[in-house]
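A quick write-up on the structure given underneath.
All of the numbers you see were taken from the coordinates with simple rules; none came from a lab. Remember, it's a predicted structure, so these values are computed and weren't measured experimentally. Positions of Cβ are generated from backbone atoms using ideal geometry, with glycine treated the same way; all protein chains shown enter the neighbour counts.
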Number of protein chains: 2
Amino acid sequence: MIGEIIAIGDELTSGRILNTTSYFAASQLFAAGHEVAAMTTIGDDPVLIGTTLLNSLHRADFVIVTGGLGGTSDDLTTEAVADALDRPSTFYPEILEQIRTHSKNAPEQVRLSLEKLAWLPAGAHALKYDAGMAGYFLVHEGKPIFFLPGIPHEMKQLLVETVLSRLAVWEGEDARLVRQRVYRVAGLSETEINDLIGRGGDDDKRIKIGYYPVFPEVQVSLTVAAGNEPEIDALFAAADGRIRRILGLNIFGGPDETLEGVVGQSLGRCGLSLAVAESCTGGLIAHRITRVAGSSVYFYGGIVAYSNLLKEQLLGVSGTTIAQFGAVSAETARAMAEGVRRVTGADLGLSVTGIAGPTGGSPDKPVGTVCFALATNDGCREYRFLFNGDRNQVQEASCLTGLDLIRRHLAGG
Amino acid sequence: MIGEIIAIGDELTSGRILNTTSYFAASQLFAAGHEVAAMTTIGDDPVLIGTTLLNSLHRADFVIVTGGLGGTSDDLTTEAVADALDRPSTFYPEILEQIRTHSKNAPEQVRLSLEKLAWLPAGAHALKYDAGMAGYFLVHEGKPIFFLPGIPHEMKQLLVETVLSRLAVWEGEDARLVRQRVYRVAGLSETEINDLIGRGGDDDKRIKIGYYPVFPEVQVSLTVAAGNEPEIDALFAAADGRIRRILGLNIFGGPDETLEGVVGQSLGRCGLSLAVAESCTGGLIAHRITRVAGSSVYFYGGIVAYSNLLKEQLLGVSGTTIAQFGAVSAETARAMAEGVRRVTGADLGLSVTGIAGPTGGSPDKPVGTVCFALATNDGCREYRFLFNGDRNQVQEASCLTGLDLIRRHLAGG
């Protein structure tokens with residue numbers, strides 16, 4: 001179907017806040033097989049809200065409206081919609097009940113303002129009113145309109161949990177239910193993934209597979225639509241199983257997981273500790289690991305040996321190794337990994353040394369050449385990669401790859 | 001004036017690319033005193049481009065259109081505009097000449113496709129056609145319309161260099177010229193800045209000052225509009241001088257400068273080297289410094305002493321200092337800074353140790369407490385801050401503050 005997205009809020013039109021919810025909705029709708037014709041962002045202006053909605057309704061098969069649903073005086077969406085669609089605001093006692101239950105510990109003033117959320121345009125159905133998430137749905141002149149909160153995480157959750165399946169229902173008997181899963185992938189490019197698993201929809205229109213490079217990783221989405229529960233269960237299990245079998249260890253997690261979080265959990269589960277020795281990433285790997293609360297349990301620390309002298313002094317890399325093989329070499333990487341493991345006493349020592357650019361490349365070792373080593377109780381393994389991109393992209397790709405080497409090692413890969 | 005922004009491109013409506021150009025334009029227009037009523041994003045669809053433009057023109061005083069101006073077959077903006085406004089595409093030989101000059105080293109095929117850029121709707125004026133930047137301007141039924149490229153850095157440059165001043169001209173005799181400057185500020189909050197310098201426009205409507213918290217820093221923008229060159233020169237110099245006098249060392253650079261870049265330049269100028277010892281920032285400061293190409297000249301490296309044991313082993317912090325004062329204390333920070341300076345041989349040693357949270361706080365040292373020390377040839381100074389925010393915000397604020405302490409030291413502050 002063809003849809004339009006309308007985002008409402010003065011904070012968006014004044015350029016104070018970057019609108020990321022419309023972008024998220026567009027990518028999800030695209031993955032589910034819909035086409036977004038237009039995305040409009042407007043301020044909290046009742047007249048403009050009304051005319052924009054009527055314009056979009058006129059052109060599109062469905063409309064998603066985000067923002068302006070809260071309980072404060074500058075939240076004008078519901079009133080504007082009631083006027084524009086000639087559907088007077090109606091009080092829904094069951095919604096007030098839900099809101100009261102979920103806000104019973106909130107201050108009196110907040111609870112009073114939340115009561116405004118129990119007034120919806122006539123004919124609206126609440127999508128889900130728990131955890132403070134206000135959202136509703138109505139059908140106007142045969143077209144579905146979804147009203148979602150402007151707060152990104154609430155909007156995204158309601159979109160994925162309720163909007164996509166209702167749109168699938170709308171499309172007819174062949175697609176009564178829809179289920180979606182996102183896989184985060186490291187170690188394969190978009191093209192490699194495509195060659196391995198295809199788009200899925202060639203022989204069965206109920207299954208759609210999309211790929212989104214979110215540098216430096218790739219995200220794969222599986223969307224399955226079917227007429228009933230047993231059918232969707234079977235289709236989804238088969239498609240999910242196929243993707244997992246083909247991509248295997250290249251999948252590092254789901255949409256709400258981070259690679260550093262997955263690595264931390266694995267380290268915790270194995271009861272192992274980690275230290276890192278970084279050159280070209282300059283501390284990025286250590287920082288990524290310490291973004292995770294509680295990482296002090298398994299992360300001892302790191303050494304950013306940016307100069308060759310520090311590689312020798314702090315990590316015990318021998319000057320002859322550097323002179324003979326170069327600072328960017330499997331040999332130096334090995335000495336760095338073993339060195340950081342030795343000086344910190346950690347179970348695992350990861351090292352990275354490379355040429356981030358823009359200068360410093362050579363025919364043998366062009367810009368983007370990065371060597372890694374992972375030293376463990378069982379010995380040390382070295383790796384060499386060539387990454388594309390500018391200085392920061394090489395650093396980001398090196399960080400992802402370094403963390404991913406730890407993950408694969410712990411997973412037995 | 002009231003404006004609208006239209007962004008064109010299938011890559012935007014399919015959710016492949018996040019639209020940041022409309023956001024940038026909105027914030028710049030807001031700072032210059034305009035109001036953006038609506039921002040619309042549509043695909044490369046000639047009919048929709050035409051109707052959207054006519055709708056926006058009907059409602060607004062001016063319209064900015066971005067994207068779809070390139071030379072390939074999916075760039076449809078100019079044709080669609082020519083149709084919608086009934087202004088037939090016209091060939092501009094002088095533009096072709098400019099394009100030919102600037103693309104003389106491009107492959108034959110690219111040069112041929114660029115010739116399409118010399119066809120504009122009748123009545124259009126090229127904004128600037130050097131460095132491959134295509135953009136034009138036309139007045140339709142008394143309202144200015146700006147067509148800018150979709151590539152973010154080209155769009156932003158043309159907006160700042162040509163659109164803002166032409167809009168000021170449009171506003172009438174009182175504002176023939178406009179000049180804008182952005183100051184990046186560390187060490188003061190938005191409220192503190194407001195208390196210090198006010199908004200500027202209370203007594204003189206030609207001067208506007210805006211504040212934008214871009215966590216963890218604050219950006220201040222000065223916009224001056226005046227009728228002639230001598231007037232704007234005088235007004236701008238006075239307002240710029242006042243802002244610089246009041247904010248002083250708190251200004252760390254302009255919109256295209258980064259704090260780590262400014263620190264790097266200062267270190268280079270002074271011929272000094274740097275090493276860092278990080279605990280709660282986990283390597284973020286070292287990474288930020290090494291994002292700058294050429295940082296190996298002044299940056300020796302860093303030690304991420306996340307565990308207390310590593311603070312002792314790698315930095316020589318005494319166990320009794322940690323036991324007596326705590327890992328987060330001025331005393332430990334001092335020992336870390338002196339330690340990293342000693343073991344690396346760098347001229348400057350910066351340390352940071354703090355409680356990023358969410359756990360680990362106490363009444364004496366709540367979450368967000370962060371201690372710094374800067375050790376130099378002249379001794380060591382310690383600092384203690386309390387930052388608000390979640391774990392990542394405390395880490396980001398600590399990184400900014402740590403870098404800023406180096407900058408202020410080198411500037412003699």
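List the residue from chain A whose beta-carbon is nearest to the axis that rotates chain A onto chain B, together with that distance in whole Å.
With distances in whole Å, chain A gives A:Gly283, 1.
What do the square roots of 5 times the Cα gyration tensor eigenvalues come to for the range A:175-307, in whole Å, largest first, as semi-axes of the equivalent ellipsoid?
Rounded to whole Å, the semi-axes are 37, 17, 11.
Take the residue pairs A:Lys143/B:Lys143; A:Lys208/B:Lys156; B:Lys143/B:Lys208; A:Lys156/B:Lys128 and return only those whose Cα atoms are more than 31 Å apart.
Over 31 Å Cα-Cα: A:Lys143/B:Lys143; A:Lys208/B:Lys156; A:Lys156/B:Lys128.
Taking the range A:259-410 as the region of interest, what is the percent of Cα-Cα pairs per 10 angstrom bin, listed from the shortest bin to the one with the maximum distance?
Computed distribution, short to long bins: 13, 46, 33, 8, 0.
Which distance in nm do the two modelled labels at B:Met1 and A:Arg166 give, with both placed 7 Å along the Cα-to-Cβ direction?
Inter-label distance under the simple model: 4.1 nm.
Most exposed first by the Cβ proxy, i.e. fewest other Cβ within 10 Å, how do A:Val218, B:Val224 rank? Could the numbers behind the result be given before it?
Values: A:Val218 23, B:Val224 27.
Ordered by Cβ neighbours within 10 Å, fewest first: A:Val218, B:Val224.
Provide the per-residue ³J(HN,Hα) series for the range B:367-378, in order, calculated from phi with Karplus coefficients 6.51, -1.76, 1.60 and θ = phi - 60°, each as a whole number of Hz, with x at glycine and proline positions.
Once rounded to whole Hz, the list reads 3, x, 6, 9, 10, 10, 9, 10, 9, 9, 4, 9.
Stokes-Einstein diffusion coefficient for chain A at 20 °C in a medium of 1.002 mPa s, Rh from the Kirkwood formula over Cα pairs: what value in µm²/s?
Working: Rh = 24.4 Å.
Roughly 88 µm²/s, to the nearest whole number.
Find every distance from the label point of A:Asp364 to the corresponding label point in the other copies (7 Å from Cα along Cα→Cβ) and write them in nm, one decimal, shortest first.
Shortest to longest, the spacings are 5.6 nm.
Å³ per residue of the Cα convex hull, for the range B:1-148?
Cα-based convex hull of the range B:1-148, divided per residue, equals 112 Å³.
Compute from the Cα atoms of the range B:1-47 the Rg and the Dmax, the latter being the longest Cα-Cα distance, and quote both in angstrom.
Final numbers for Rg and Dmax: 11.7, 33 Å.
Calculated FRET efficiency, A:Arg242 and B:Asp74, Cβ-Cβ r, R0 35 Å, to nearest 0.05?
With a Förster radius of 35 Å, E is 0.55.
Of all DSSP beta bridges in the protein assembly as shown, what percent run antiparallel (nearest 5)?
Once the DSSP bridges in the protein assembly as shown are tallied, antiparallel ones form about 65 percent.
How large is the helix-only mean residue ellipticity at 222 nm for chain B, computed as the sum of -39500 (n - 2.57) over DSSP H runs with n ≥ 4, divided by its residue count, in deg cm²/dmol to the nearest 500?
Rounded to the nearest 500, it is -12000 deg cm²/dmol.
5 Å is the cut-off here: which amide hydrogens, built 1.01 Å from N in the peptide plane, fall below it relative to B:Thr66, excluding neighbours closer than 5 in sequence?
B:Ile6, B:Ala7, B:Ile8, B:Leu148
Suppose you put the label 7 Å out from Cα in the Cβ direction; list, shortest first and in nm with one decimal, how far A:His153 is from each other copy's label.
Values, ascending and in nm: 3.4.
Roughly how tilted is helix B:93-102, in degrees to the nearest 10 and between 0 and 90, from the longest Cα axis of chain B?
Once rounded, one gets 30 degrees.
How much space per residue, in cubic angstrom, does the convex hull of the C-alpha atoms of the range A:187-257 take up?
92
Which whole-number percent of Cα pairs in the protein assembly as shown have a distance greater than 49 Å?
More than 49 Å apart: 26 percent of the Cα pairs in the protein assembly as shown.
Out of residues 5 or more away from B:His140 or on other chains, whose amide H comes under 5 Å of its own, with H placed 1.01 Å from N in the peptide plane?
B:Ile145
In chain A, once you exclude exposed GluC sites (Glu not before Pro) (DSSP loop, at most 13 other Cβ within 10 angstrom), what's the longest stretch remaining?
A:258-413
Can you give me the distance in nm between label points at B:Arg384 and A:Val139, each placed 7 Å from the Cα along the Cα-to-Cβ direction?
Roughly 6.5 nm, to one decimal.
If the label for B:Arg384 sits 7 angstrom from Cα along the Cα-to-Cβ line, what are its distances to the same label in every other copy, in nm to one decimal, shortest first?
5.2
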